[in-house]
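Q: Take this structure, written in structure tokens, and hold onto it; I'll ask about it next.
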Amino acid sequence: MNDQDDDYIYDEAAGEWRPAAEIAAEKARGAEVLDASGNVLSDGDSVVLIKDLKVKGAGQTLKQGTVIRSIRLTDNPEEIDCRHDTIKGLVLRTEFVRKR
């Protein structure tokens, strides 16, 4: 009998116990990147900030409602890579953005 069939892992994002094989398959094909509202993000999307964010190293604050265009997904499903008019190489957490 296969031991992996009996293994379950608690998925904190979903709040439920899931089979280990299912989680491994999901990681293999890449997890979906979701914004703060649960919408799926993809490369090239535009997003809007849902709260004011202080940008470390730039000495400026991005205000709520600022539109960020042409995002790029990263290896981490909780972060997106993007550019702003005054800040290049900006990495934002998906919990602070909403798809436009």
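Q: I'm checking my understanding of the structure. Among residues of region 70-100 that are closer than 27 Å to A13 by Cα and basic (K, R), which one is surrounded by the most Cβ atoms within 10 Å (Cβ to Cβ)?
A: Per the criteria, the residue is K99.
Q: Now a separate question. If I ask for residues that are modelled with pLDDT of 90 or more, small (G, A, S) and surrounded by fewer than 12 Cβ atoms within 10 Å (Cβ to Cβ), which ones from region 1-41 would you list?
A: S37, G38
Q: Then there's this: Out of region 47-58, which residues are surrounded by 12 or more Cβ atoms within 10 Å (Cβ to Cβ) and assigned to a strand (DSSP E or B)? So that I can check it myself, show each step before the final result.
A: Quick first cut of region 47-58, residues surrounded by 12 or more Cβ atoms within 10 Å (Cβ to Cβ) only: 47-53, 55, 58.
Passing the criteria: V47, V48, L49, L53, V55.
Q: Among what's in region 45-74 and is touching a helix residue (DSSP H, G or I) at 6+ places or on another chain (Cβ under 9 Å) and β-branched (V, I, T), pick the residue that is nearest to D85 (Cα to Cα).
A: V47
The values are calculated or read from the model by the stated rules, or taken from the named source; none is laboratory data. Owing to the predicted nature of the structure, the values given are computational and were not obtained by experimental measurement. Positions of Cβ are backbone-derived with ideal geometry, glycine not excepted, and every protein chain shown enters the neighbour counts.
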